[in-house]
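Q: Have a look at the structure that comes next, please.
The values are calculated or read from the model by the stated rules, or taken from the named source; none is laboratory data. None of these values were measured; they are calculated from a predicted model. FYI the Cβ positions are ideal-geometry reconstructions off the backbone, even for glycines, and counts take in every protein chain you see. Protein only, heavy atoms only, side chains kept; ligands, DNA and RNA dropped before computing areas. Shrake-Rupley method; radii C 1.70, N 1.55, O 1.52, S 1.80 Å.
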Amino acid sequence: MSTSQRHGKGGDARRAFAADPDPSAPVRRESARRAVVLLALALLAMGARAADSRADGTPLFAVPCLSLAAGANPHSLAIGDLNADGKPDLAVPNAGSNTVSVLLGNGEGTFATRTDFGTDSSPCFVAIGDLNGDRRPVLAAASYTSNAVSVLLNIGTSTTCVRPAPSGLPRGFQLLPSRPNPARVTSEIRFLVPAACTVDVALFDLAGRQIRSLASGEVELGEHDIRWDGRDDSGVPRARRRLPREGPRRA
């Protein structure tokens, strides 16, 4: 056999191989094409559903917003169940009025009128947690200009502001000067206790008659502030007030 004949046979073999591809290749290409088409259709369907959901006009949030009154210059807020009724409440630090506003929730998106509690100057942030192990939420407010943290202990019926006693332990119950003095509307009644104890804090007139009960319950060691709005127990404004100057465990 000549060389040209051998080459001719080889060329015929190569042409026969090229003309006889893998019979499964067209099937794979068709399956891939169908998969791409199905994916494109699925993406188009998802886009159409998203467009329909946006076109129905249903907003994510109610408008207009519910506006709740707080103190001056509120900086942040915390959410928690502060009165153990199973409903979320709001705590808002007010840097402009040196208070934390507590708004008790009604469980349906509305809130009661705020109650303000005094803190150190310019509170900016507040956190909620059980700090003393009594299973009641406590408020801790970080105050910017006074470089202090105000702790508001939850005593069930009211809230008092607690800070560590300055310059060591007090020797006994001490009534500190109220502030501001003189006070136009509200003032803070301040006292020190040498140990955790039960106290009753009340205001009396010059004749010894009680005009306002401010707090009653367990308090921790340290300095305590209780805010008074200048009114007696019946809500009538009173111009004069007096506290006992000292007492061993009760005031």
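Q: Output the number of the condition that D120 fails; it satisfies all remaining conditions of (1) touching a Ser or Thr at 6+ places or on another chain (Cβ under 6 Å); (2) of a type outside the set (K, R); (3) open to solvent by less than 60 Å² (accessible area, probe 1.4 Å); (4) part of a strand (DSSP E or B).
A: (4)
Q: Return the residue satisfying two criteria in turn: it lies in the range 81-108 and is open to solvent by 50 Å² or more (accessible area, probe 1.4 Å) and more than 14 Å from the chain's Cα centre (by Cα), and of such residues it is farthest from L152 (Cα to Cα). It would help to see each step written out before you state the result.
A: First, pick out the residues of the range 81-108 that are open to solvent by 50 Å² or more (accessible area, probe 1.4 Å): 81, 83-88, 98, 104, 106-108.
Checking the rest, the ones that are also more than 14 Å from the chain's Cα centre (by Cα) come to 83-86, 98, 106-108.
Values: N83: 13, A84: 16, D85: 19, G86: 20, N98: 13, N106: 22, G107: 23, E108: 26 Å.
If we take residues in the range 81-108 being open to solvent by 50 Å² or more (accessible area, probe 1.4 Å) and more than 14 Å from the chain's Cα centre (by Cα), then E108 is farthest from L152 (Cα to Cα).
Q: From the set of residues in the range 221-247 that are touching a Cys at 6+ places or on another chain (Cβ under 9 Å) and either open to solvent by 70 Å² or more (accessible area, probe 1.4 Å) or not acidic (D, E) (or both), which is modelled with the lowest pLDDT?
A: Of everything passing the filter in the range 221-247, L221 is modelled with the lowest pLDDT.
Q: Considering every residue within the range 48-70, establish whether at least one is modelled with pLDDT of 85 or more and either among the aromatic types (F, W, Y) or closer than 20 Å to E188 by Cβ (or both).
A: Of the range 48-70, the ones modelled with pLDDT of 85 or more are 67-70.
Now drop any that are not either among the aromatic types (F, W, Y) or closer than 20 Å to E188 by Cβ (or both), which leaves 70.
Yes - at least one qualifying residue is present in the range 48-70.
Q: Related question: Could you figure out which of (1) touching an Asp or Glu at 6+ places or on another chain (Cβ under 6 Å); (2) surrounded by fewer than 17 Cβ atoms within 10 Å (Cβ to Cβ) isn't true of I211?
A: (2)
Q: D134 - would you say it is assigned to a loop (DSSP other than H, G, I, E, B), at pLDDT below 90 and open to solvent by less than 40 Å² (accessible area, probe 1.4 Å)?
A: Values: assigned to a loop (DSSP other than H, G, I, E, B): yes; at pLDDT below 90: yes; open to solvent by less than 40 Å² (accessible area, probe 1.4 Å): no.
So D134 fails the test.
Q: Let me ask you something else. Sort out which residues of the range 184-207 are open to solvent by 40 Å² or more (accessible area, probe 1.4 Å), part of a loop (DSSP other than H, G, I, E, B) and over 24 Å from L152 (Cβ atoms), and write them in order of number.
A: L206, A207
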